Amino acid sequence: MGDRHSPRFSPRLVSALEETISERRRATAERSPDEASRDALHQLLRTMRIVKAARFNAAERLERKNTVSQFALAMVSLYFVGLSIWQMVYAGAISEPTHRLVTLVSIVSSVFTLILGLLESQNGYQIKAHHLHACGLAVSDLGHELAIAMPADARTQQEYRRRYHEIVRACPVNHTSIDYAMARQSAEDGATERLRVRGLYLLNVYGLYALFLIGPPLLLLAR
């Protein structure tokens, strides 16, 4: 068993860390106030552009989810009504196992209809999309205003930061990690990463509703 009082880090590692910190301090000290101010402005602008894109992505995603949700609700309701009418019309021509299966699918479709109706009423996709889109527009306008005002002194920078944070905090809805990942995508990202992010986006928008749409037909085909 080793000595419990032995150091956790080797002297070489500690020395390397100290050198790295010293280099960063020297680089910061060597920068002029104008360069530091310019870098801070560019960082604030970059943050605004990413947040603006994330908010627009979130608004578009929620609008798509609203459209898909309404389509899924209509189709699942059609499953239930259509199967009920089919059972009544062909009541004497279908076998007992088929009748039980169709009844099961009708019940599942009615439950799906109820779930989709509750999701539609609680999520409020259109209202959330409106708030996110308005927030994205406000951040975009502020970013353009800051770009025109550059270069700006420290007091002006602080004022723009304050206004930016006020705009973000005023929005009652926030974007998700997938919206942020879509906003940060660039040409430098590999194809695998772009496909991964795109796949997560499609799953978020269509995954649940695709399950509701293909569930009843799969039950019928599984007989």
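Summary of values
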{"read-out": "Unit charges at the beta carbon, dipole of segment 33-221: most positive-side option, 214, 124, 112", "value": "112"}
{"read-out": "Taking the C-alpha atoms of segment 33-221, convex hull volume expressed per residue in Å³", "value": "121"}
{"read-out": "Under-5 Å amide H pairs with residue 124, H placed in peptide plane, nonlocal only", "value": "none"}
{"read-out": "Net length gained if the chain between residue 114 and residue 186 were fully extended (0.36 nm per residue, minus Cα distance)", "value": "21.8 nm"}
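The numbers here are math on the coordinates, done by the rules we state, and not lab data. Being a predicted model, the structure only gives us computed values, none of them experimental. Reconstructed Cβ throughout: ideal geometry from the backbone, glycine too, with neighbour counts over all protein chains shown.
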